[in-house]
Amino acid sequence: MLAPLHSTNTSQAPVTHFADDRCCLSIDRFSLAYAGKTALRDLTLSVPRHRVTAFIGPSGCGKSTLLRAINRLHDLNESVAHSGHIALEGHDIHDPQMNVTELRRRVGMVFQTPNPFPMSIYENVAFGLRLQQRLPKRKRDDIIEWALTSAALWDEVKDRLHRSAWQLSGGQQQRLVIARTLAVQPDVLLLDEPASALDPISTLKIEELIRNLKSQLTLVLVTHNMQQAARVSDYTAFLHQGELVEYGPTDQVFTNPRLQRTENYITGRVT
Amino acid sequence: MNDRSASASSRRLHFDWLNSLWPWLCAASVALSLLMLGALLTLLVVRGLGHFWPANLEQVTLNSGETFAGQTVREVALPQQEGDERLYFTGNQDIDGARWRWVAIEEIAERSHPVDLIRLERTPWGDFIGRLAAIEQADQRWEGEAAWRHLTTLLALPINQRPDSQLLLSTANGQTLRLPLTNVLSAQAPNAMAWWQKTHAWGEGVWRFLSEGPRAANTGGGVWPAIFGTVLMVILMSVMVTPFGVLAAIYLNEIAHQGRLTRFVRIGVRNLAGVPSIVYGVFGLGVFVYGIGGSIDEWFFSDTLPSPTFGTGGLLWASLTLALLTLPVVIVATEEGLARIPEAQREGAVALGATRLEMLTRIVLPMAAPAMLTGVILAIARAAGEVAPLMLVGVAKLAPQMPVDGEFPYLHLERKFMHLGYHLFDTAFHGEDVQAAIPLVYATALLLVLIVLVLNLTAIFLRHYLRRQRGSEC
């Protein structure tokens, strides 16, 4: 089942359109309201596979809300209503036949503040695996090593896998959370300001990790930090007051924005 | 403008003394509270534990020439006269007709501590204070020192192996009596004891207080059935209250729509914690004992009616009543624990593909476990000290049978039981011998405090252990 993309979008923002074989997530006229207050209005964009797409915009513009909508975290909140479609690899995520826990396995999420569980490093990474299936210990150990290596954390923690995850530094905790998400082999990784609570060195490590991970999966990054968006993303979407203002290749959005509003925001002038 | 700021600063200067004083006021209230608590504990320890110390026996000769022996209890001022009077515990109720004697200090001519004075604990008639003249066993006879040595070896034997003997005793004023050995529980010669022997005897006395049943209408003996009843009732209560309280808290905090109704229920639960406990007792009596218990009797025990089985106060109904009483405590503590868990932890689990049940059982409940434990321990501490409702639903002054024994079904939920709090109340106010009851009251009170203290310490250590298990070492 393919969700059609409306190329005849009347919004003034030009939509970067990807062919179905390159498109991972397609968001189609998606609107969302919290307790009657509109947070997202008629968004249409598609996210390319194996690329880093950044959502930027001022606080309250709806970029985190959009990110959380992609793995249906809003289901936990009963006062949220939505319309329109979000499709993952052509399948509507709100389809009644879509298994929401399976969706969340395929669409991993990393939050602003590191949230390791109160267990050992090993158990944190094994958490998602244990939910899926019973694996022989040997196999599970291999996956955990692979996930920690992918998150560039293995060398730092291999000697203390059974120590509490809460003893790690903030940057290590955030990489552990990424490893925990990678362990269930998702197709998409959503990162909600993953470095905003970290020091500059840890931030650089996370950014490097994001660049390295795009060979394995599709990444969507929400950030407040323009330089970070410019450094790591391939595509950038600028959101403002729940609407998509501009979307395109990062180079183009940052060096030659189509719209004055985008330029004002990127250059730090008050919009 | 200048005037106004000047007057403002002078007004502040006026209260400067308050600025330097308020920390002292706070410190003073802490100090006062600590002092009161310290005084409470000291009183209980000194009066409660001092009772078991084998104090020296005194032989007193009065100005009138009369002689008696006894143990000094306390001195008080004589009413409307100069001087003090002293209370002696003299025992020998069968001979003197009383166990206590008040003597004005002026009347005392001579006091001494002869080493051959002994104190026998016996039943009936309570303690004997005097001298051991001889022991007769069949045709054998021991006298003096040898008699005392023989008595200690006899008392070391188990009760059913002691030979049939007679003790020949004499009081300080020369009266004699014969006493069968079977009536003697223990014997002491405190004046001849070294301090380490006294310490040993004191330890034995404390142990017997803890391990034996009460005697002489709760004015003597120990409190073991009351300890057992209290602990058993509290355990049953925890088993009943924990699942209900935890499940209710999970519903209120995790499942229910957080609307006006939930808020109303929450306020209701918090208010229930403040309802006087006797009200729960009345409810328990009306609903559990007469309502449910009466029906059970009609359906299953109709052959023994009109004498009730479950239709009267008992262990089950007391535990149920206290479970109801402590339910709000468990709900509130658990709910607070659940509310403290960061949303990020829940979202983290859900974002990894956990269902709501998996999130609850694997992340939320383990994290809230210390709070639940706190709730249960608070409930236990409250239940262990509660007396008023129990008087209506099953506690007994003297329970003829323990609620647990070797007879099927081993745990007898319908039986009445003894409880430390009620035992304390009964000893203090319904005993026939008030002077004898006073030290037991202090000792029982100390025991109650200690039980609650031990329960709370267990909780603190368990909570600490659970936290450490999560925090540093997994």
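Only a single criterion out of (1) within 14 Å of chain A (Cβ to nearest Cβ); (2) small (Gly, Ala, Ser); (3) surrounded by fewer than 24 Cβ atoms within 10 Å (Cβ to Cβ) is not satisfied by B:Ala368, namely (3). The residues of region A:197-245 that are in contact with an Asp or Glu (Cβ under 7 Å, 6 or more places away or on another chain) and of a type in the set (S, T, N, Q), listed by number, are A:Thr218, A:Thr223, A:Gln228. Just to be sure before I move on: is B:Ile451 away from every other protein chain (no Cβ under 14 Å), of a type in the set (A, V, I, L, M, F, W, C), under 30 Å from B:Ala368 (Cβ atoms) and surrounded by 17 or more Cβ atoms within 10 Å (Cβ to Cβ) in the structure I sent? Judged against the criteria, B:Ile451 is a match. In region B:87-193, counting only strands (runs of 3 or more DSSP E) that sit wholly within it, the ones holding 1 or more residues that are free of Cβ contacts under 8 Å to residues at least 12 places away in the same chain and over 23 Å from B:Gly205 (Cα atoms) span B:140-143.
Only one of the numbered conditions (1) away from chain B (no Cβ under 14 Å); (2) in a helix (DSSP H, G or I); (3) within 20 Å of the chain's Cα centre (by Cα) is not met by A:Arg138, and that is (3).
Of the helices (runs of 4 or more DSSP H) entirely within region B:207-310, those holding at least 3 residues that are surrounded by fewer than 15 Cβ atoms within 10 Å (Cβ to Cβ) and without any contact (Cβ under 8 Å) to a residue 24 or more places away in the chain occupy B:224-250, B:260-272, B:294-300. Looking at A:Leu190, A:Leu209, A:Leu198, A:Leu221, just one residue is in contact with a helix residue (DSSP H, G or I) (Cβ under 7 Å, 6 or more places away or on another chain), in a strand (DSSP E or B) and under 25 Å from A:Tyr122 (Cβ atoms), and that residue is A:Leu190.
Within region A:98-115, how many residues are under 17 Å from B:Pro342 (Cα atoms) and more than 8 Å from chain B (Cβ to nearest Cβ)? Here the count works out to 3.
Given the options B:Leu398, B:Leu352, B:Leu325, B:Leu378, name the one that is among the aliphatic types (A, V, I, L, M), buried (at least 21 other Cβ atoms within 10 Å of the Cβ) and away from chain A (no Cβ under 14 Å). Answer to the selection: B:Leu325. Can we say A:Leu131 is within 13 Å of chain B (Cβ to nearest Cβ), within 19 Å of B:Met359 (Cα to Cα) and either assigned to a loop (DSSP other than H, G, I, E, B) or out of contact with any Lys or Arg (no Cβ under 7 Å at 6 or more places or on another chain) (or both)? Taking the combined requirement at face value, the residue satisfies it. So for region B:435-444 (the condition being more than 14 Å from the chain's Cα centre (by Cα) and part of a strand (DSSP E or B)), does at least one residue qualify? No, there is no match, as no residue in region B:435-444 is more than 14 Å from the chain's Cα centre (by Cα) and part of a strand (DSSP E or B).
In the set (1) more than 25 Å from B:Leu352 (Cα to Cα); (2) at pLDDT 90 or above; (3) crowded, with 21+ Cβ neighbours inside 10 Å, A:Asp234 fails one condition alone, (3).
The values are calculated or read from the model by the stated rules, or taken from the named source; none is laboratory data. What you see is a predicted model; the values in this text were computed from it and never measured. Please note: Cβ atoms are built from the backbone with ideal geometry, for glycine as well, and neighbour counts cover all protein chains shown.
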